[in-house]
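Engineer: Here's a structure for you.
The values are calculated or read from the model by the stated rules, or taken from the named source; none is laboratory data. Only a predicted model underlies this, so the values are computations on that prediction, with no experimental measurement involved. With ideal geometry, Cβ positions are generated from the backbone for all residues, glycine too; neighbour counts draw on all protein chains shown.
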Amino acid sequence: MKKSLYIFLFSLFAVACSSSSDDEIVPDDNSAYKAAEAYYNNTLKSVITANCTSCHAEYHSKSNSSNYGIVSNAINNASGMYSQVNSGNMPKNAAKLSQDDIDKFKSFLDLVNEIQ
């Protein structure tokens, strides 16, 4: 009986500590997530590629939140990204982004804020 209890507890621990993918974090029916993901891929990613990845691309791990080329990390950092580009702090050592590009970050943040 004791052995079964230890196996059960270890199994619970293993499941609790396991890593998860975006599919496990966000249900397939989450339309707000899908809208933010689509906007990121179709609109914002090109701005990030042109202005951000020269400094942030060296981070290739999905778990590294500095890799804004991965949609889940961009979603998790949408507020910070908007704040940095809106204030002119980013891109570093470059001209402030155009208002049109800054507005794209704001639109993305608004979509992210709709995710439940």
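Engineer: At least 3 residues that are modelled with pLDDT of 85 or more in each: list the helices (runs of 4 or more DSSP H) lying fully within the stretch 56-116 that qualify.
Structural biologist: Result: 78-87, 99-113.
Engineer: Scan the stretch 77-116 for residues that are under 15 Å from the mean Cα position of the chain (by Cα), within 14 Å of His56 (Cβ to Cβ) and loosely packed, with under 15 Cβ neighbours inside 10 Å and jot them down.
Structural biologist: Gly80
Engineer: Just one of the numbered conditions (1) modelled with pLDDT under 90; (2) surrounded by 15 or more Cβ atoms within 10 Å (Cβ to Cβ); (3) within 12 Å of the chain's Cα centre (by Cα) is not true of Asp22; which one?
Structural biologist: Checking Asp22 against (1) modelled with pLDDT under 90; (2) surrounded by 15 or more Cβ atoms within 10 Å (Cβ to Cβ); (3) within 12 Å of the chain's Cα centre (by Cα), the one that fails is (2).
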